[in-house]
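Here is the structure we will look at.
The values are calculated or read from the model by the stated rules, or taken from the named source; none is laboratory data. All values reported here derive from a predicted model rather than from experimental measurement. Virtual Cβ from ideal backbone geometry, glycine too; neighbours counted across all protein chains shown. We work out accessible area using only protein heavy atoms, side chains counted, and drop any ligands, DNA or RNA first. Shrake-Rupley method; radii C 1.70, N 1.55, O 1.52, S 1.80 Å.
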Amino acid sequence: MLSESAWDRGGVRRQLIADANAHFGHACALVIDESAFAKKGDMSAGVARQWNGRLGKTDNSQVGVFAAMAKDGVSALIEGELYVPEEWFADPARCREAGIPEGTGFRTKGEMALTMIHRLRREGLRFAYTVFDAGYGHLPWLLRALDGERETFLAEVHSDQVIYLADPAPAVPDRTSVRGKAPSRLQAQTVPLTVTAWAGAQAPSRWRRLSVREGEKGDVVADYLKQRVWLWDGAEQRAHSWHLLVRREIDGSKLKFCLSNARPEASLRRLAEMQAARHFVERAFEDAKGACGMADYQVRGFHAWHHHMALVMVALMFLAKERLAHRETAELLSCNDLVEIMRHKLPTKIDTDDDLVAMIEDRHQRRRTAMDHAYRKQALMLEASACG
């Protein structure tokens, strides 16, 4: 089923897209993130010493890049690809042994994410915007590619992200001397600064406290501020004007910085809610691993890994659909609740000791019948052979 069968996981993905469109709707967030799976040995496809967030350290792991839909506190994974580190492609024999398709080349996680977004959009998935953490948000080319394709995004970025408060209006400076070469490189006409420096200079009155969602231990509350800023990579002919969103824990202990190309009139609350959607991909991973066996696989091959994840995503989508359908009558319904309900309510053939004995006797009888048939067939073949 996982390692040998040739069934097409692309067909499963297209069904998941149809389900997501039916149950989540076009106004939802598409959240891109990765998840790691601890592994032993060096034969499993893509295994290497990599950061494993679940373990909180670098360890021997496989890593997948995933896409999830999120709505009303419910999330479901709809796509996932195994990341294969560059070191693997220096050993073609190892790739063949692990079942990595011939012609596959190294791709960064950012490249995988962009391809995934393109594929999901092309195959009809409806979503309003994409959300990343800083592992993807720190890639300028990725954000510019999405902006150029009119895909709305909100991406967390690192604290040393450089911004401009006024359009840097890149230009080649005038020549000031007849000596030496004439200037040829673009230069910014305004002064850059980091997002950390900008946030630290803001007056306390600028911060606004918002509750963005309900949590298990009360409302999730934080302080926010936003600013229109310009981003320039030092080579483009013009800078990009985007939103900077800063989120601060109410005790002031932690800051998060985000960039978004949402409409210029987007409100602070809208941006804060977009940022809050990223939390739910972690919930999707928890549910997939806790209720759907996402990390409980023993296969080594490339295709087997993807087949396993496809089946996990089917199960998780079913659980998400049931939770969304019962939001009004069972708001706290969880994936584990649904698993317990099915375990209790689905028919079972084993209720008593007599049922157990009958089941085993029936199994043995079917095995005996199959063996008798095989022996009779073999006897006929031997008899025919002897007569010949």
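Quick notes on this structure:
- Only protein heavy atoms count here; under a 1.4 Å probe, residue 51 has an accessible surface of about 150 Å².
- Computed extension gain for residue 5 through residue 289, at 0.36 nm per residue and net of the alpha carbon distance, reaches 99.9 nm.
- Computed helical MRE - 222 nm, the chain, DSSP H runs ≥ 4 contributing -39500 (n - 2.57), nearest 500: -12000 deg cm²/dmol
- Accessible surface ranking for 279, 344, 1.4 angstrom probe, highest first: 344, 279.
- Taking θ as phi - 60° and the Karplus parameters 6.51, -1.76 and 1.60, the scalar couplings of segment 6-16 work out to 9, 4, 8, 5, x, x, 5, 4, 5, 5, 4 Hz in sequence order, x denoting glycine and proline.
- For the chain, size of Cβ-based charge dipole, Lys and Arg +1, Asp and Glu -1, in debye: 1180 debye
- Dipole magnitude of segment 260-388, debye to nearest 20 (Cβ charges: Lys/Arg +1, Asp/Glu -1, about Cα centre): 580 debye
- Solvent-accessible surface of segment 243-325, taken per residue with a 1.4 Å probe and all protein chains present: 41 Å².
- FRET efficiency, 1/(1 + (r/R0)^6) with R0 35 Å, evaluated for residue 360 and residue 57 via beta carbons: 0.15
- In this structure segment 4-163 gives 44 Å² per residue of accessible area when probed at 1.4 Å with all protein chains present.
- Farthest towards the positive end of the charge dipole of the chain, among the residues 190, 30, 5, is the Cα of 190, using unit charges on the Cβ of Lys, Arg, Asp and Glu.
- Packing order of peptides 8-15, 86-93, highest average first: 8-15, 86-93 (average count of other Cβ atoms within 10 Å over each peptide's residues).
- Positive contributions from Lys and Arg (+1) and negative ones from Asp and Glu (-1), summed over other residues with Cβ under 13 Å from the Cβ of residue 333, come out at -4.
- The equivalent ellipsoid that matches the C-alpha gyration tensor of segment 114-161 spans semi-axes of 21, 10, 9 angstrom, in descending order.
- Descending principal axes extents, segment 68-132, alpha-carbon based, whole Å: 46, 22, 18
- Carbon + sulfur, % of accessible area of segment 1-62 - ligands and nucleic acids excluded, 1.4 Å: 51 percent
- Furthest towards positive pole of dipole, 330, 284, 302, structure part segment 284-379, Cβ charges: 302
- Segment 226-311 has equivalent-ellipsoid semi-axes of 37, 20, 12 Å, by the square roots of 5 times the alpha carbon gyration tensor eigenvalues, sorted largest first.
- Estimated FRET transfer efficiency (residue 196, residue 220; beta-carbon r; R0 41 Å; 0.05): 0.95
- 12 Å beta-carbon shell around residue 301, net charge (K/R +1, D/E -1): 0
- Counted charge near residue 360, where neighbours are those whose Cβ lies closer than 13 Å (Asp, Glu -1; Lys, Arg +1): 0
- Gained length - residue 237 relative to residue 253, 0.36 nm times residue gap less alpha-carbon distance: 1.9 nm
- Kirkwood hydrodynamic radius of segment 1-75, Cα pairs, Å: 14.9 Å
- Quotient of C-alpha Rg and 2.2 N^0.38 Å, computed over segment 154-203: 1.60
- Within the chain, percent of DSSP bridges classed antiparallel, to nearest 5: 90 percent
- The residue 372 and residue 111 beta-carbon pair, evaluated with R₀ = 41 Å, returns a calculated FRET efficiency of approximately 0.10.
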